[in-house]
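Notes to accompany the following structure.
Derivation of every value follows stated rules applied to the coordinates shown; laboratory data play no part. As the structure is a prediction and not an experimental result, all values here were calculated from the model. Every residue, glycine as well, gets a Cβ built from its backbone with ideal geometry; the counts of neighbours run over all protein chains shown.
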Amino acid sequence: MDKDDETQQNKILNKIDIVFSSIFIIEAILKIITNGFVFGKRTYLRDPWNVIDFLIVIAAIFDMCMSAFNVDSEALSALKSIRVLRVLRPLKAVKTLPSLRKQVSALLLSLKELANVMVFLLAMFILGGVMGL
């Protein structure tokens, strides 16, 4: 057990994490009940944003179970990396704001072109490094 894990700030943050995780879980359950899960035209997992939400909810449930049972075996320590998916929680705000959704979609579509620019810059840096030597 990490001694920094017992600070007052971490205890408060853990409680806030449980509250937000519970809200996200309830939201996902309600959406699944109203829309259906997979089968159908407008079901929950047919929307890509809901797939991201579902991954966040599954990661939250997994994290809550791991912390509730204090599982610290070496075999399950690799599975704790799923906690990284909690970083995606701010993307839930993207669904509620259409203008932000457009911006994130445009950013994701521009990643292909940015990859080409990065390859070009890498080639220029290597060329400059070779010429500098």
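Brief remarks on what is shown
- Close amide-amide hydrogen proximity is noted between Gly36 and Tyr44, each under 5 Å apart and 5 or more residues distant or on a separate chain (H modeled in the peptide plane; Pro and chain starts excluded).
- Sequence-ordered 3J(HN,Hα) estimates for the range 28-40 from the Karplus curve with 6.51, -1.76 and 1.60 and θ = phi - 60° stand at 5, 5, 5, 5, 5, 5, 6, 9, x, 8, 10, 7, x Hz, glycine and proline given as x.
- In terms of packing, defined here as the mean over residues of other Cβ atoms within 10 angstrom, the peptides 29-37, 115-123 line up highest first as 29-37, 115-123.
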